[in-house]
1. Could you please find all residues in segment A:325-350 being more than 13 Å from chain B (Cβ to nearest Cβ) and either outside any loop (DSSP other than H, G, I, E, B) or of a type in the set (Phe, Trp, Tyr) (or both)?
2. If you check residue A:107 against the conditions, is it modelled with pLDDT of 95 or more, among the hydrophobic types (A, V, I, L, M, F, W, C) and under 20 Å from residue A:27 (Cα atoms)?
3. Any idea how many residues of segment B:1-39 are farther than 14 Å from residue A:291 by Cα and in contact with a Leu (Cβ under 9 Å, 6 or more places away or on another chain)?
4. Go through segment B:41-60 and give me each residue that's away from chain A (no Cβ under 14 Å), surrounded by fewer than 15 Cβ atoms within 10 Å (Cβ to Cβ) and either within 21 Å of residue A:326 (Cβ to Cβ) or of a type in the set (A, V, I, L, M) (or both).
5. Among the residues of segment A:28-42 satisfying the criterion of being touching a residue at least 24 places away in the same chain (Cβ under 8 Å) and touching a strand residue (DSSP E or B) at 6+ places or on another chain (Cβ under 9 Å), which is farthest from residue A:157 (Cα to Cα)?
6. For segment B:5-44, which positions are touching a strand residue (DSSP E or B) at 6+ places or on another chain (Cβ under 6 Å), part of a loop (DSSP other than H, G, I, E, B) and more than 18 Å from residue B:66 (Cβ to Cβ)?
7. Working only within segment B:28-39, note down all residues that are of a type in the set (A, V, I, L, M, F, W, C) and modelled with pLDDT of 95 or more.
8. Return a yes/no flag: does segment B:45-61 have any residue that is assigned to a loop (DSSP other than H, G, I, E, B), hydrophobic (A, V, I, L, M, F, W, C) and under 11 Å from the mean Cα position of the chain (by Cα).
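The values are calculated or read from the model by the stated rules, or taken from the named source; none is laboratory data. Being a predicted model, the structure only gives us computed values, none of them experimental. All Cβ positions, even for glycine, are placed from backbone atoms using ideal geometry, and neighbour counts span all protein chains on display.
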Amino acid sequence: MKLELGYIQINDIQFSKECKVENSTLFVDPDAVKAFMYEDDDVKAWVKDFSFDVAKPGESVRITPVKDVIEPRVKVEGPGGVFPGVISKVDTVGSGKTHVLRGMAVVTAGKIVGFQEGIIDMSGPGADYTPFSKLNNFVVVAEPAEGYQDHKHEYEHAVRIAGLRAATFIGEIGRNVTPDETQEFETLGIKEGIEKYPDLPRVAYVHMLQTQGLLHDTYVYGVDAKRTLTTILNPTETMDGAIISGNCVSACDKNTTYHHLNNPVVKALFAAHGKTLNYVCNIITNENVYLADKQRSSDWSAKLCRLLDLDGAIVSQEGFGNPDTDLIMNTKKIELQGVKTTIITDEYAGQDGKSQSLADADPLADAVVTGGNANEVIILPKMDKVIGTLDYVDVIAGGHAGSLRPDGTIEAELQVITGATNEMGFNCLSAR
Amino acid sequence: MVKEIERAGIPVVHMCTVTPISMTVGANRIVPTIAIPHPLGNPALSPEEEKALRRKLVERALEALTTEVEDQTIFEV
């Protein structure tokens, strides 16, 4: 399967009645975005209103609480559309051509369910820990409709859909724009791959998806991944939005939709594909809260690795705590099939870094890349402007009573920062 | 906590959902429970069924507590 990505560089965002891309500036009409979001019945039912803002790199701006970060894309050739099964109809994506509005993102923010998490600082020390401080962000702040308290999950769903719709609307603006740069990605069928690269090791990416429920969910072609069995994806499918994020709690190591679209493991494996290895496919597997599910899903990961005659697998985790067991079960079982593994995780080693990093371990998990210690404490300066609200800073994971100090500064663990210890290795705390 | 209490000479049953972690940290008597968000209950059941489930789990734990073990043991329910 072959996909061409056409990157349209966006260096600035301006509100305007006319929607267009000109000289790397996105001109967008927030009223038109709002109207497109409200075409969805669930958004209509549960979101009272949206407000819009733009946050640019280097500004004294804090965005919190963050729900999702999404890169606008549009399918210009080939079957299907972006976010299949959610925004576009179900159709296999990952081939043809897709335009990407690079250098920007749609960020959804605002109160979701009780407390909610994630901080993006556009400048200062916090900005160094989140990749989204480097983007021009079109921020959508949602306000719940009356009576949402008894329908929090419906509201969460509505805001998730609203963000994807905003990104889809903006992506569409790039449909007829000539990309600044194009790049091709292709993986082969099993037999084809063996014939073309007979001497290269066969490597797959075992991509673990957070599926614990209660704001810890991931969707694949619109299907709630906790109700799926471990399965196979063409890597290029992820670039068209086959996987979307439904989770933002403990924001440092949850994969936003932006991460799924720009998965660095996929990118790195493609860079080595045909040179030092044969990138076979992605294996997606979930992280459920029942032990039987953990056992079944990891059994299937190992079984698929064997069926595909792999030599090696990269395993990335999402989240921490009991998913450490999913990680170790996957790794151990895959290794026992004779397939070498390297795992990517992060650490909860205490504020002094002296505690055990993972809740589970095994001698077979002997090649580990870490995204950093999420318990590390950071002081964030006061920002001139807050998009969203600071109401939840004291109660989010990584915060504590008094996190938000009277002078407006915040003392908290890295956990609070969106994407800080990302376990796809998106960030630069350690290995990259 | 399990290990510290046992070190003081009092036997402990660790009731938990993710038994592999319990094995890794060294609990000796382990009773597997329902799910991580609700280890000792199941919201999908009726109150009567749930009460029966809870009783079964607690009785199994008490049985484990009074059973001699040579090695780390999982007491399936």
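1. Result: A:334, A:335, A:336, A:340, A:341, A:342, A:343, A:344, A:345, A:346, A:347, A:348.
2. Yes: the conditions hold for residue A:107.
3. Number of matching residues: 4.
4. B:45, B:52, B:58
5. That would be A:28.
6. B:33
7. Within segment B:28-39, B:30, B:31 qualify.
8. Within segment B:45-61 (the criterion being assigned to a loop (DSSP other than H, G, I, E, B), hydrophobic (A, V, I, L, M, F, W, C) and under 11 Å from the mean Cα position of the chain (by Cα)), the answer is no, since none of the residues qualifies.
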